[in-house]
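> Handing you a structure now.
Please treat every number below as a calculation from the coordinates, not as lab data. Here the structure is a predicted model, which means the values were calculated and not measured. We place every Cβ from the backbone using ideal geometry, glycine too, and count neighbours over all the protein chains shown.
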Amino acid sequence: MYFLRRLAFSIPLLLVISALAFVLVRLAPGGPFDRDRAPASPEIEANLRAKYHLDEPIWKQYARYVGDLAHGDFGVSLKYRNHTVNDIIAQGLPVSMTLGVLAFGFALAVGLTVGFITAARRGGWEDYVGSFLSMLVVCVPGFVLAPLLVLVFAVKLKWLPVALWDSPWHMVLPVVALGLYFAGKVARLTREGMLSAMQSECVTAARAKGLGENTLLFRHAFRLAVLPVVSYSGPMLADLLTGSFIIENIFQIPGIGVFLVNSSLNRDYTVVVGLALLYAVLLVGLNLLVDAAYTWLDPRVKYE
Amino acid sequence: MTFSKRAKRFVSLARFCLISGGWVSAWLCLSGCVRHEPPADLTIINGAEPESLDPAIITGQPELRAVQGLFEGLTRLDPKTARPIPGLAERWEISPDGLVYLFHLRTNLVWSTGEPIRSEDLVYSWIRALNPATGSDYAGQLFYLKNAEDFNAGKIKDPARVGVHAVDPFTVRVELNHPTAFFLDLCAFPTLYVVPRQTIESHGDRWLMVRPLPSSGPYELAAWRLNDKIRLKKNPRYWDAANTQSEIIDLLPVGSPITSLNLYENGQVDIIWDKDLVPVELLDVLLHRPDFHAFNYLGTYFIRFNVTRKPFDDPRVRRALAMAVDKNRLVRKITKAGERPASHLVPDGVAHYTSPAGLEYDPDQARQLLSEAGYPGGRNFPRFNYIFNAAAGGAAKIHENVAIELQQMWRDTLGVEMELRQLEWKVFLGAQSRLDYDASRSSWVGDYNDPQTFLGMFTSGDGNNRTGWKNQTYDALIREAGEQPDQDLRASLFQRAEALLVRDEAPIVPLIFYVGINYFDTNRIQGVYQNLLDSHPLQYIRKIHKP
């Protein structure tokens, strides 16, 4: 019931988001058809604006947009005029999602392991090395990390391709470059969570019952410790699934992240609004999933 | 070994098999997700993702190069000189007054899907490009035709009144407003290409998604995936298919110069032909390599002054600023790819034309002019702004560096203070066209090989003027040149106009002539020639396979 209510509430939310994006992008100076070279006559631009209904009052444009949206039509890109926004999403999203899911898996696998070890060996050399590395990858931005990875593993060692998106080998470097930052965050969250869980009452009670340290760590502390990771996973996954401008640009990956940034610069109105909506839907959906995961992981959490 | 031990070992073995099997199947699944295509014969980095492949819509160089492979016009460009040679038309006659062209189409023309190409297809294509509903940015390329501009503006509804008609299935009659010296060049421009009527009429704006797509050029469109690749396959029905050199060509859109260079160095691509994809930081080293080819190009980098604002309304001020710029320093210190300093607007090498000398670097004269204008030593000269656009993507900060250099030159030589304003691209364009600036970075790349494409834009009220400069003598000279059929007289009219523009009035200061840069290994790639238009028709290019 609770989740149904949340779902119903998200529809007006999405409408508000689309209206805001629709108006805001039109408020930005310049338009989709401004170019370096002006057309030979003012009528040429008038023809273009008329063709894409940009000459109509804004409320009428929005009404038309919502009408099309009801049929699942996001409209035609104003920059890539042979492609619809649906085309762009259909071609780019699967690529970004593949990259995102792999990076998500990588981040969780590496982050949870490192976080667990650093907490379990608190104060030992494993803790110092692990904590230092996870701090380092959080601090080093992608546009520094990715070229470094390319330089070492593709240009110097020639183990992996430098760019493009053709085979699983092509995916390794972008996945690592994209996932490392999140792996670092997950490791830090897990470590914090583990340490506070080890001091919690239920773990103390379990220890008093005489449970072994390993059972304690795995079965009790870890389960509590992943809660912050789970709540972080929702926005993290949404972030990863919609692609990364920097990683896609450096590795020349045909994903959707590049469009997310360039569409605003190009004043590609339809693409901006379409992708804003897509991002909103993903964010709302994934947050819902996170809440569901909470009830499963922590019996104390109940939604009314 | 007890049973429980054996069972435990079995379980751990099973777990190992399961996990490794999972990884293998995940890997296989990923391999399945990606496409299996035969390798291309030739892979080229073509610059930005094409905005469109519709000849009537495109405006940019990356689009133009891809579309050149798919469609053709009455003429096409010679791969070496970029001058027009017969294309779909095998010959033509021009009336003595230069107003009427009679084009004779080849009789063996067919679309890649097998249907014949006739003169009606050409008439349809040109009318379509002019039709307001098509929304063509470059419809102006056809405004030289009789009644074309009025038809595009909706003032004339009947397409039959536009100056292009099919006389018979193989003859097209074209009527122009004025004798137009570069009309055959225009016929090789995409806006004037022949496009498939039936496909367009039944699929509307989505016609390029139709497979098989009828094409009139040397290649067919095999695949087009955004930001991924355009794959072209040889069109065996093209009239000159016997001379098409490569079977499959992949055009990759790549935005980052470093990524481009890495792909090239690792052998994943054969040719890179976008100047913006050369990492400027490495130019010093790269330009000395035999596989880097720099050449003169039909483009000029210049400054616009807003002459509607004081003190730039005074030609002496503009001339003083122009003469205080050491252009040699700009090409030596900043652009570094072998560009030449520019004192006039029309680049050297344009057909049938030599530019007059402009203003040379002369600090003393500059100071004197400024003091004549009432600002000795720069005293009381108002602080003014210089706008330039932010570099896109990974592109180098050339505009920013030029701006800083200008700021210093003007301060040192004339004692004037300039404020730098970096603007986002669309904001920059808006500020320039609204005349909301004092001085502005500018550049122009010619559409065809003729002075008109550079000088025409500074006539009063032209959408590309963007300086507020209006000069009746200049307008009259350009108009006369446009109507003058005699090559030499025409050139001298243009020369007088250009002298007015860059020497006497100076609403603009030409700084640098661009160079084009291609990189490919001449031992492995044949058929790419460097020319003024940076035009490289795809059908002539091939890779030599060495044993």
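> Find the all-direction average of the projected area of the Cα convex hull for segment A:120-175, expressing the result in square nanometres with one decimal place. It would help to have the intermediate numbers written out before the result.
Values: hull surface 20.4 nm².
That works out to 5.1 nm².
> Next question. For chain A, take the longest principal axis of its alpha carbons; what is the angle in degrees between that and the long axis of helix A:125-139, to the nearest 10 within 0 to 90?
For A:125-139 against chain A, the angle is about 10 degrees.
> For segment B:223-328, which GluC sites (Glu not before Pro) are in a loop by DSSP, counting at most 16 other Cβ atoms within 10 Å?
Details: sites: B:247, B:265, B:281; in loops: B:247.
Counting only loop positions with at most 16 other Cβ atoms within 10 Å, the GluC sites (Glu not before Pro) in segment B:223-328 are B:247.
> Taking a cut-off of 21 Å, what percent of all Cα-Cα pairs in segment B:186-325 are separated by more than that?
Details: 6461 of 9730 pairs.
For segment B:186-325, the share of Cα pairs beyond 21 Å comes to 66 percent.
> With N denoting the number of residues in segment B:445-486, provide Rg(C-alpha) divided by 2.2 N^0.38 Å, to two decimal places. Kindly include the intermediate steps, with their values, before the conclusion.
On the way: Rg = 10.6 Å, N = 42, 2.2 N^0.38 = 9.1 Å.
Relative to the rule-of-thumb radius for its length, segment B:445-486 sits at 1.16.
> Starting from 0 in steps of 10 Å, tell me what percent of the Cα-Cα pairs of segment A:91-250 lands in each bin.
11, 35, 30, 17, 7, 1
> Here is a follow-up. What translational diffusion coefficient, in µm²/s and rounded to a whole number, does the Stokes-Einstein relation yield for segment B:196-245 at 20 °C and a viscosity of 1.002 mPa s, taking the hydrodynamic radius as the Kirkwood radius over Cα pairs? Could you put the intermediate results ahead of the total?
Working: Rh = 11.9 Å.
Translational D for this selection: 180 µm²/s.
> Note down the net charge around residue B:305, summing +1 for each Lys or Arg and -1 for each Asp or Glu among other residues with Cβ under 11 Å from its Cβ.
Details: positive: B:304, B:309, B:318, B:319, B:466; negative: B:313, B:314, B:438, B:505.
It works out to a net charge of +1.
> Suppose R0 equals 45 Å; then what is the FRET efficiency for residue A:289 and residue B:265 from their Cβ-Cβ distance, rounded to the nearest 0.05? Show your work: numbers first, answer last.
Values: r = 44 Å, r/R0 = 0.97.
The formula returns an efficiency of 0.55 here.
> Using the reciprocal of the averaged 1/r over all distinct C-alpha pairs, how large is the Kirkwood radius of the protein assembly as shown in Å? Mind showing how you got there, number by number?
Numbers: mean 1/r = 0.0328 Å⁻¹.
With all distinct Cα pairs of the protein assembly as shown included, I get 30.5 Å.
> Can you compute the helix-only [θ] at 222 nm over chain B? Use -39500 (n - 2.57) per DSSP H run of at least 4 residues, normalise by all residues, nearest 500 deg cm²/dmol. Show your work: numbers first, answer last.
Details: 16 runs with 160 residues, N = 547.
Value at 222 nm, helices only, nearest 500: -8500 deg cm²/dmol.
> Two decimals is fine: what's Rg over Rh for segment B:372-466, C-alpha atoms, Kirkwood radius as Rh?
Details: Rg = 15.6 Å, Rh = 15.2 Å.
My calculation puts Rg/Rh at 1.02.
> At q = 0.16, 0.27, 0.28 Å⁻¹, what log₁₀ I(q)/I(0) does a Debye calculation on the Cα points of segment A:1-55 give, no solvent, two decimals?
Log-scaled intensity ratios, in q order: -0.66, -1.06, -1.09.
> Also, quick follow-up: Based on Cα positions only, what radius of gyration and what Dmax would you give for segment B:156-219, in angstroms?
Answer for segment B:156-219, Rg first and Dmax second: 14.6, 41 Å.
> Quick one: B:202, A:264, B:460, fewest Cβ neighbours within 10 Å first, how do they rank?
Working: B:202 10, A:264 20, B:460 13.
So the residues, fewest neighbours to most, are B:202, B:460, A:264.
> Hey, another quick one. Per-residue ellipticity at 222 nm for chain A, helices alone: DSSP H runs ≥ 4 residues times -39500 (n - 2.57), over residue total, nearest 500 deg cm²/dmol? Let's see the in-between values first.
Values: 12 runs with 212 residues, N = 304.
It lands at -23500 deg cm²/dmol.
> While we're here: What is the local net charge at residue B:284, summed over the other residues whose Cβ is closer than 13 Å to its Cβ (Lys, Arg +1; Asp, Glu -1)? All intermediate terms of the calculation are to be shown ahead of the outcome.
Values: positive: B:289, B:332, B:333, B:336; negative: B:281.
Net of charged neighbours comes to +3.
> If one puts a single equal scatterer on every Cα of chain A and applies the Debye formula without solvent, what log₁₀ I(q)/I(0) results at q = 0.09 Å⁻¹?
-0.60
> State log₁₀ I(q)/I(0) for chain B at q = 0.06, 0.13 Å⁻¹ as given by the Debye formula over alpha-carbon point scatterers of equal weight, solvent excluded.
Listed by q, the Debye log ratios stand at -0.36, -1.38.
> Also, I was wondering about something else. Residue B:291 versus residue B:368, label points 7 Å from Cα toward the beta carbon: distance in nm?
Once both label points are built, they end up 5.4 nm from each other.
> Sticking to Cα atoms, compute the Rg of segment B:232-309 to one decimal and its Dmax as the biggest Cα-Cα distance, whole number, in Å.
Both quantities, over Cα of segment B:232-309: 18.5, 60 Å.
> Let me ask another. At 25 °C and 0.890 mPa s, what whole-number value in µm²/s does Stokes-Einstein give for the translational diffusion of segment B:32-172, with Rh from the Kirkwood sum over Cα pairs? Walk me through the numbers before you get to the answer.
Values: Rh = 17.3 Å.
For these conditions, the coefficient is 142 µm²/s.
> Hey, another quick one. With a sphere of radius 11 Å drawn around the Cβ of residue B:491, what net charge do the other residues whose Cβ falls strictly inside it have (Lys, Arg +1; Asp, Glu -1)? Show your work: numbers first, answer last.
Working: positive: B:490, B:496; negative: B:450, B:486, B:488, B:498.
After counting each charged neighbour, the total is -2.
> At 0.36 nm per residue, and after removing the present C-alpha to C-alpha distance, how many nm does the segment from residue A:132 to residue A:199 gain when stretched out fully? Walk me through the numbers before you get to the answer.
Details: separation 67, 0.36 × 67 = 24.12 nm, distance 2.34 nm.
Between residue A:132 and residue A:199, full extension yields 21.8 nm more.
> What is the helix-to-structure angle for B:119-130, meaning the angle in degrees between its Cα long axis and the longest Cα principal axis of chain B, kept from 0 to 90 and rounded to the nearest 10?
Around 70 degrees separate the two axes.
> First obtain the Kirkwood hydrodynamic radius of segment B:80-149 from its Cα pairs, then insert it into the Stokes-Einstein equation at 37 °C and 0.692 mPa s, and state the resulting D in µm² per second as a whole number.
Details: Rh = 14.2 Å.
Answer, rounded: 230 µm²/s.
> Using the alpha-carbon atoms, what tilt in degrees (0 to 90, nearest 10) does helix B:363-372 show relative to the longest principal axis of chain B?
Long axis of B:363-372 versus the principal axis of chain B: about 50 degrees.
> So which GluC sites (Glu not before Pro) in segment B:303-406 end up in coil per DSSP with only 14 or fewer other C-beta atoms within 10 Å?
Details: sites: B:339, B:360, B:372, B:400, B:405; in loops: B:339, B:360.
In loop regions of segment B:303-406 (DSSP not H, G, I, E or B), the sparsely surrounded GluC sites (Glu not before Pro) are B:360.
> Efficiency by 1/(1 + (r/R0)^6): what FRET value for residue B:240 and residue B:545, r their Cβ-Cβ distance, R0 = 25 Å, to the nearest 0.05?
Values: r = 23 Å, r/R0 = 0.92.
After rounding, the FRET efficiency stands at 0.60.
> Oh, and also: May I ask you to derive the FRET efficiency for residue A:298 and residue A:211 from their Cβ-Cβ distance with R0 = 30 Å, giving the value to the nearest 0.05? If you can, show how the numbers build up before the last one.
Numbers: r = 20 Å, r/R0 = 0.65.
Step by step, r from the Cβ atoms, then E = 0.95.
> So which chymotrypsin sites (Phe, Trp or Tyr not before Pro) in segment B:496-547 pass both tests, a DSSP loop state and at most 16 other Cβ atoms within 10 Å of the Cβ? Please report the intermediate quantities before stating the final value.
Details: sites: B:513, B:514, B:519, B:520, B:529, B:540; in loops: B:520, B:529.
Nothing satisfies the criteria.
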